[in-house]
Every structure is written in structure tokens, then in C-alpha cells.
Amino acid sequence: MRFAALLFDFDGVLIESEYLGNSQIAAWLTANGHPTTPEESMARFMGLAGADFHAALERYIGGPLPESFHDARRAEDERVMRDGIDAVAGAVAFVRALLPSLPKAVVSSSSTAWIRRHLRHIGLADAFGDHLYSGREHVERGKPAPDLYLLGAAALGVDIKDCAIIEDSPVGATGAVASGGYVIGLCAGTHCGIDHAGRLRALGAQAIAHSFDEVAALLG
């Protein structure tokens, strides 16, 4: 292993939530007079959360979000919290193959409740211990700021320069690169289009992986 610790983004890295969530956003926007494809939604909003996500949407529609949007999001969140979201191909086997002693954490824009629920669903409830860090709960500035990655590394007791960060979104890659860690741009999820790797590399990701087998090879 070339690195002292691993930091994992969650949505789109460990679970297949990005295309699912952005399809719902695109459907709502389209139904409310703003024709949008899931791909366009991902390009604009993927990786954002909380106030940053809402601000980006309001800029896009040119005004405040109506309560119907929040109602639709709550209904979708309740549905997937009930049903669960499956893992990205190879993610579970990759995490299970890591040495138990290797420091690792999840650093996500999602809530810790969301992270815990879906880790249980994919069978990784015990994999990260208490090292689940949320950009909306644990730092003042979420992604694309580097703060969440720096927090995760500090909590693990490892210098960020000795961490590999696995990220899939342009917003996340921006913050991960700014943190000073070694950034692997993961393009294994169903949401990753043909140009996805190029976008991540252009943002400064030091390596690109199209599968978790490729991640394992990069880690040495």
C-alpha cells in the first residue's frame, strides 16, 4: 500500500445514487418548465449538498425553489431510505479486501444518517467504524472546499499528503485536489459518461480508475 490512509466519497463511489438522484431532480425541473436531462443535472449539481445545492438550483431556475421541490425531494429520500441503494460494482469486495488496520473514512456531502443506512444495505455497516464525516454536519464549508478531507485525515491521525482520496464528482475532485491528498478519479458508477474521466483529470486528479480493480492497482 502506497498510502497511510484512504478517504472515500460515498454517493457515486460506494453506492449507485448519483444517476438515481439526478434523474429525480431532472424530472422535477422538466415538469416545472426547465427541461433538463439527468446528464445535465449531474453536470450542474452533482456533489453539492445543503445550501450550496439549493443555491445552484435557484441560480438555474432564476428564483427561489418552491415548496413542491422540497416535498418531492423528501418523498424520494424517504423512498430510497426505505428501499436502499445498491453498491457500485466492485466496491464492497474492494473495501472488504483492505487490511482492517488500514485507517479509512467516508467523507461525503450526504448526512451521516444517509451514509449509515446505505452502508447497512450494502453490507459495510462495520467497515468504517465511527469515521463517517458529512459536509453538512461536520464542517462549515462543504465540497468543493477542502475542509472535509482535511477533517477526515486529521480524525484518522494521518497527514493529508499521505492519504489517497477516491472521488467521482467534479465538485468533490475540486476539493480533494485542493486538500493536498492523492486524488483518484473513479469512473465506475453508472452515472459516469464518456467524458467523465477527462473532466476529473482536468480538475487535477492525479489518476483515473474505471473500476475498483484499477483502484487497487493504483494503490500498489
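Tabulated results
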item: Charge dipole (segment 103-220, unit charges on Cβ, about Cα centre) - positive-most of Pro103, Val215, Leu148; result: Leu148
item: Residue-by-residue Karplus 3J(HN,Hα) for segment 146-155, coefficients 6.51, -1.76, 1.60, Hz, glycine and proline x; result: x, 4, 5, 5, 5, 5, x, 5, 4, 5
item: Cα gyration tensor of segment 18-83 - equivalent ellipsoid semi-axes, whole Å, descending; result: 17, 13, 12
item: Tail weight of P(r) past 24 Å, computed on alpha-carbon pairs of the chain, percent; result: 39
item: Reference-scaled alpha-carbon Rg (2.2 N^0.38 Å with N residues) for segment 94-193; result: 1.03
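Bear in mind that the values in this text are calculations on the coordinates, not laboratory data. Values in this document were obtained by computation on a predicted structure and should not be read as measured data. With ideal geometry, Cβ positions are generated from the backbone for all residues, glycine too; neighbour counts draw on all protein chains shown.
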